[in-house]
Amino acid sequence: MKLKISLTFLIYFLCYFGLYAQIENHNYKRKLSPPSNLWHQVVLPEAIFSSIITNFSDLRIIGFNATNDTSEVPFIVSIPSNEYTYKEISFKLINASNNKNGYFWTFKTPIDKIINEINLSFENKNFDWNIHLEGSNNQNEWFTIHEKYRVLSIHNNEIDFNYTNIKFPKSNYNYYRISVNSNEVPVLKKATLSLQTIEKIALHQCAIKKMAQKNNNTTTEIDIELHNKYPINKLSLTVADTLDYYRPIIIKQLKDSVQTEKGWIYNYITLTSSIMSSTEANEFHFNPTSLNKLKIIIYNNNNTPLTIDTVTTKGFVYKLIARFSDLSSDYFLYYGNTSSSAPSYDIVNFKDKIPTDLTALKLSEEEKIIHKKEQETLPLFSNNIWLWSIIIILILFLSWASLKMLKSK
C-alpha cells in the first residue's frame, strides 16, 4: 500500500516537474479570453510568427486554476490544404511528327477526362516559341484552344528560367495536338496533362513595411520587407500600365545575409518563376514559406519597364483547435522555446469527433517572460539541480522499498 502511494506521488511529481520545465523555457506568452465551451479555436496572429518555431513545436496552452495548479490543454494545429490542387490525367503519346509547318505531338486521353493544363519539358535550352494547341474527339475535326501561346526558356549567367505550362479553360477532348513552328528541332522530354482546381480559402494579407523598385538595364527589381515574418504562399502584382506585356518573373526569398567591410551582402533563393502577362491576373503561388524579405525580378529585355502599382502577399490562416476541460481556469499560450519538441495529444486520432463550428478565443498582446539570472538564488523547486536530486533520491528509495518487500515475501 505504501509502495502504491509512493509511486503515485512520484508520477505526480514528475508530471509537475515536466510541465513546469516547459513553461520555464519559453520566452513569450499571451493570455486567452475565458473559454465557454469544451472546444474552441485560437487564430494565430501575424505578429506571433516572428517568435515561434516554423513547425509550431514550441506552442503550449497552459491553464492555471484557483489554487495555481497547472494543466496542459491538448490542441491540433489547423493548417488548410493548398488553395490549388492538381490531378494528373493519364495519356498516351500517339503521334510525334513534323513537316514544313512545324513539329507536332498528339496525346490521347481517357474518355470524359477534363483537363485545363499541359506542362511540357524540353531538352532544348534558350528558346522562345509560340505553341498552337488544338482539341479533337475523332482526329478529323480539330478545334483551336490556343493559337499562339508563348513558352520560354532562358539560361545564362544571370538567369535560369523556364515557363512551359500551357493553361486553358477546362476541356474535354479525346485528343490534344500541340504544334511548334521552329527553326530548331524541339526535343520533347516529358509532358504532363492535369486538371487544376481552385478552392476558395480564406487567406491572411500580410502588412508590407517597405517596398523599393529599381529599374536596371533590362530588369526591374522590387525589394519587399514585411512588418512580420509569416508563412506566405501567394503574391499578387497589379500593373499601372495599360499596354500589352508578356515578361518572365522570378520571386526570391532572403536566405541569409553577411556583413562585410563594404556593407551587407544578401543571398536569395528562388521561390517560383513564372510569366507576367497583361491577359491574366498576375497571381503567383508557391509552397508556404516563412519569410519577411522578398525580391521580385522582372525581365523587361528591350521593353520599357512596367510601373508596378501594388504588391500583395498572403498566407493561410493558421488556427489551434483546442479542448478546454476546465472552464474556470485562466489559460495562456506559451511559445518561443527553440529546444522544444512537438507535443503529442490523443485528440489527433479523433479529429472526426471535433465540432466544426467553433467559437474563437482572443489572444492578448505579447508578454515577454523575464527569466531569472542563473547566479541568483532560486526557490527550491525552481532550481533544476535540487529537482533532479530529489527525483533520484525518490527513485532509489522506491527501489529499496520494492526489494525489501520482495525479500520479506
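Rule-based calculations on the coordinates, nothing more; no lab input. Everything numeric in this text was worked out from a predicted model, so none of it was measured. A quick note on method: Cβ atoms are made from the backbone with ideal geometry, for glycine too, and the neighbour counts reach across all protein chains shown.
Seen against the Cα atoms of the chain and their longest principal axis, helix 2-24 is set at about 50 degrees. With the simple spin-label model, which puts each label point 7 Å out from Cα in the Cβ direction, the D330 to N174 separation comes to 7.4 nm.
In this rough spin-label picture, where each label sits 7 Å from Cα along the Cβ direction, the N99-S33 distance is 7.1 nm.
Cα centroids of the range 318-368 and the range 120-190: 49 Å apart.
What dipole magnitude, in Debye to the nearest 20, does the chain give about its Cα centre under +1 on Lys/Arg Cβ and -1 on Asp/Glu Cβ?
Values: 43 positive and 38 negative charges, 245 e Å.
That gives the chain a dipole magnitude of about 1180 debye.
Its residues counted as N, the range 84-198 yields a C-alpha radius of gyration over 2.2 N^0.38 Å of 1.06. On full extension, the segment bounded by A202 and T279 gains 25.2 nm, given 0.36 nm per residue less the C-alpha separation.
Of I347, I390, I275, the residue with the greatest mean-square motion in the GNM of the chain, using alpha carbon springs below 10 Å, is I390.
A full extension of the chain between T218 and K87 corresponds to an added length of 43.4 nm, given 0.36 nm per residue minus the alpha carbon distance. The HN-Hα couplings worked out from phi for the range 144-157 by the Karplus form 6.51 cos²θ - 1.76 cosθ + 1.60 (θ = phi - 60°) are 6, 9, 9, 8, 9, 9, 7, 10, 10, 9, 10, 9, 8, 5 Hz, whole numbers, x standing for Gly and Pro.
Of all aspartates and glutamates in the structure, the ones whose alpha carbon falls short of 14 Å from that of K209, not counting any fewer than 8 places away in one chain, are E46, D223, E225.
Just list whichever of K125/K189; K190/K255; K113/K234; K252/K319 have alpha carbons separated by over 23 Å in the model shown.
Cα-Cα > 23 Å for K190/K255; K113/K234; K252/K319; rest within.
Helix 384-408 axis versus longest C-alpha principal axis of the chain: approximately 60°, rounded to the nearest ten. If the chain linking Q259 and V317 were pulled fully straight, counting 0.36 nm for each residue of separation and taking away their Cα-Cα distance, it would gain 17.4 nm. Largest mean-square fluctuation among G315, G63, G263, in a Gaussian network model of the chain whose springs join Cα atoms under 10 Å apart, belongs to G263. Three principal axis extents of the range 204-316 based on alpha-carbon atoms, in descending order, are 40, 37, 21 Å. log10 I(q)/I(0), Debye, Cα-only the chain, no solvent, q = 0.08, 0.12, 0.13 Å⁻¹? Values, matching the q order: -0.67, -1.08, -1.18.
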